[in-house]
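Taken together, the values in this text are just the output of simple stated rules run on the coordinates, not laboratory data. Since this is a predicted model, take the numbers as computed values, not measurements. For neighbour counting, all protein chains shown are included, and Cβ atoms are generated from backbone atoms with ideal geometry for every residue, glycine included.
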């Protein structure tokens, strides 16, 4: 799920990235500065914020819904001295199988997009390996990670890259397109707003891209995290990365 953050500007980005303690909150995650080398933020001119997984020096894989509402986008990170960096992408390519806003209906949608850059990302960013696993089974452990809220609706908790370990569940049976995850310890861990487009990692490789999170009652986080598997889409991803 993306998160609206207001107009894209340096002042907004600085406010977004206020550091906060790693408290146990809705997503029950912990900061992971090592894994953060494999991810950036993706912002649009409508004020939406998402996470993106670095899959090549000049390519970022994110969720399609993160790049379909706005008209311009920025790839964002912070320099070592804290300066906010905003880069205009060279191209944004949406998977042809993406269907916006399925609204819970049984509509097949491949919620993926590739954002390419004119110049390589600087150090310490590095691409994450892509998983060849066509699917996973109930009980497998997957890590969800992203720059979204660690405490739902608390804007000050945005902007720190965190991860949490979840278990695969199969509420609708086995799938070769999607993956559903929940906290095996029932502690409320999971993706949250702003984590859309972020990596779902299995055995050290990028298994899927987060596209929606749900909570209990009026909450948007802490119950289920859902992702699009990338192995079945590897041919399209490779083509979308090309100049």
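Summary of the geometry: the stretch 165-180 and the stretch 52-87, compared by the centres of their Cα atoms, lie 27 Å apart.
In the chain, the DSSP-assigned H stretches of four residues or longer account for a calculated mean residue ellipticity at 222 nm of -1500 deg cm²/dmol, using -39500 (n - 2.57) per stretch and the full residue count as denominator. Each of 196, 143, 176 was scored by other Cβ atoms within 10 Å of its Cβ. Arranged with the fewest first, they read 176, 143, 196. Largest GNM mean-square fluctuation across 81, 111, 45, computed for the chain with C-alpha springs under 10 Å, falls on 81.
Pairs of alpha-carbon atoms within less than 8 angstrom and 6+ residues apart define the contacts here; what relative contact order does the stretch 133-229 have, in percent? That works out to 29 percent. Remark: 241, 49 ranked as 241, 49, counting other beta-carbon atoms within 10 Å and listing the fewest first. Where both bridge residues fall in the chain, DSSP classifies roughly 95% of the beta bridges as antiparallel.
Remark: relative contact order (the chain) = 23 percent; criterion is Cα-Cα distance under 8 angstrom and separation of 6 or more residues. Placing a label point 7 Å from the Cα of residue 132 along the Cα-to-Cβ line, the residues of the stretch 223-243 whose backbone N sits under 20 Å from it are 229-239. The spacing between the stretch 102-159 and the stretch 204-243, judged by their C-alpha centroids, is 5 Å. Oblate is the label for the stretch 120-243, because a/c, from the alpha-carbon gyration tensor with a ≥ b ≥ c as root eigenvalues, is 1.5 or above and a/b does not exceed b/c.
One chain, two ends: residue 46 and residue 176. Fully extended at 0.36 nm per residue, the span grows by 43.5 nm beyond their Cα-Cα distance.
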